[in-house]
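This report refers to the structure that appears directly beneath it.
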Amino acid sequence: MRRTPHRRLLATTLLAASVLIPSTAAPAAVAHAAGAVDRHGRHDCPQSGLGATLNARLDAAIDDVRRQAGIPGAVVGLWLPGKGCYVRASGVADTVTQQPMTTDSFVRIGSETKTFTATALLQLVDQHRVRLDDPISRYISGVPNGRRITLRHLLEMRSGLFPYTSDPDFVQALLSDPQRSYTPRELLAYGFKHANTFAPGAQFEYSNTNFVLLGLVIEKVTGHRFGDVIDAQVLRRSGLRHTLLPRGAQFPQPHPHGYTNQTLDGSVADATNWNPSWAWAAGAMISNLHDLRRWAEIVATGKLLSPRTQAQRLQTLPTGFPGTDYGLGIFETNGWIGHNGSIPGYETVTVYLPSQKATMVIMINTDSTSQGQEPSTLLARAITEIVTPDNVYAGAVVTH
């Protein structure tokens, strides 16, 4: 059964298999070594990669998933200290022109934005400007049950606040006019008209409402625009020169076209230039393979935070899905730490495996589900079954 659009917007889902949802047909397999397509030469990965045998197994697995899931194009980066690396682009960036996917592409990273938002908020914790157990009402008025919901509840996805992306009026408005710009307060209004779904801390429910509120807290405490804080305190300090929170539909070149079936009639549309303002601090950011590789280790090891705060960040709780727990704006899935992202047209996975100091980054140009699951999850699982069989990527977290 097709999932209704409101249950998929900015989705990060792990679902049981269901009917295959048709999407843009994936073209014939085309795999490129990094050196052949990365015009900036930033990945420092020789074409020999992980060796002929592993390279071939990975190429075959990626192409198989891509064909079955209808993924037009994919970029996969693996860095395994002591073993080597694997950086490949396959498929197409544009289904009309058949322009090939390249490893130097920018993509919309959806909910991976949450790792940046959480880092900025936790920096304020380290600076003693906020406390995790402060109620949200101390900073933002008008939040239902705001005196009992804490910043920690928001970060953990345990606030009970209704997800604004599940409001039918919001879905209708967004899909009727994907170029529309939204303010954070407009987004929250869609969620706040609904009753809270449970008492604070009672259970896990993925809700973008939580992170829009955290973006407003960051602005309230710092006195600066959310995007400016992210740029100065997170991106620059991490050396991420190719990551940004766009203003409107801004999208640096080169970037692939992104394809989605999150439309009013369920047909596939080109969502490349949809305005991501509706996702804001929960999912509007853009990045590339080079920066996501750096960020994977930074966020998983806490390089921008104190050890005590990072330890709190990594105190995960069950999500209800086997193998995957959630901390403070970050998940752990069978040893891999990080986050994934899904926004109409694009999906990403950026994770780090501390036991092996390994990094995996996946970027694809569709979010249309396959067999009831995110196509990026299918790719991540197939890849880790080969390279880290003791730590197979279980999946992301469910929105509802």
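We did not get these values from a lab; they are worked out from the coordinates using the rules stated. Remember, predicted model here, so these are calculated numbers, not experimental data. A quick note on method: Cβ atoms are made from the backbone with ideal geometry, for glycine too, and the neighbour counts reach across all protein chains shown.
Histogrammed with a bin width of 10 Å, the alpha carbon distances of the stretch 163-232 distribute as 17, 43, 32, 8 percent, first bin at zero. Here's the list of lysines a cross-link from LYS83 could span, going by alpha-carbon distance under 18 Å and ignoring same-chain residues fewer than 8 apart: LYS357.
What full-extension length gain, to one decimal in nm, is calculated for ASP44 and SER176 as 0.36 nm per residue of separation minus the Cα-Cα distance? Separation in residues times 0.36 nm, less the Cα-Cα distance, equals 43.2 nm.
Entry for the stretch 204-359 at q = 0.10, 0.11, 0.12, 0.20 Å⁻¹: log10 I(q)/I(0) = -0.40, -0.49, -0.58, -1.57, Debye formula applied to identical alpha-carbon scatterers, no solvent contribution. For a straight C-alpha distance cut-off of 18 angstrom, the aspartates and glutamates reachable from LYS303 (same-chain residues fewer than eight places away being disregarded) are GLU112, ASP126, ASP231, ASP291, GLU332. Taking label positions 7 Å along the Cα-Cβ direction at both VAL221 and ASP134, the computed distance is 0.5 nm, reported to one decimal.
Within the straight-line cut-off of under 12 Å between alpha carbons, the aspartates and glutamates reachable from LYS114 are GLU156, sequence neighbours fewer than 8 places apart in one chain being disregarded. When each of LEU161, LEU304, LEU240, LEU187 is scored by the number of other beta-carbon atoms lying within 10 Å, the sequence from fewest to most is LEU304, LEU240, LEU187, LEU161.
Taking only the alpha-carbon positions of the chain and ignoring solvent, what does the Debye formula give for the base-10 log of I(q)/I(0) at q = 0.14 Å⁻¹? Values, matching the q order: -1.21. Residues in the stretch 378-390 carry Karplus couplings, in order, of 4, 5, 4, 5, 5, 5, 6, 4, 8, 8, 9, x, 7 Hz; the curve used is 6.51 cos²θ - 1.76 cosθ + 1.60 with θ = phi - 60°, and Gly or Pro positions show x. For the pair the stretch 136-181 / the stretch 184-212, the C-alpha centres are spaced 4 Å from each other.
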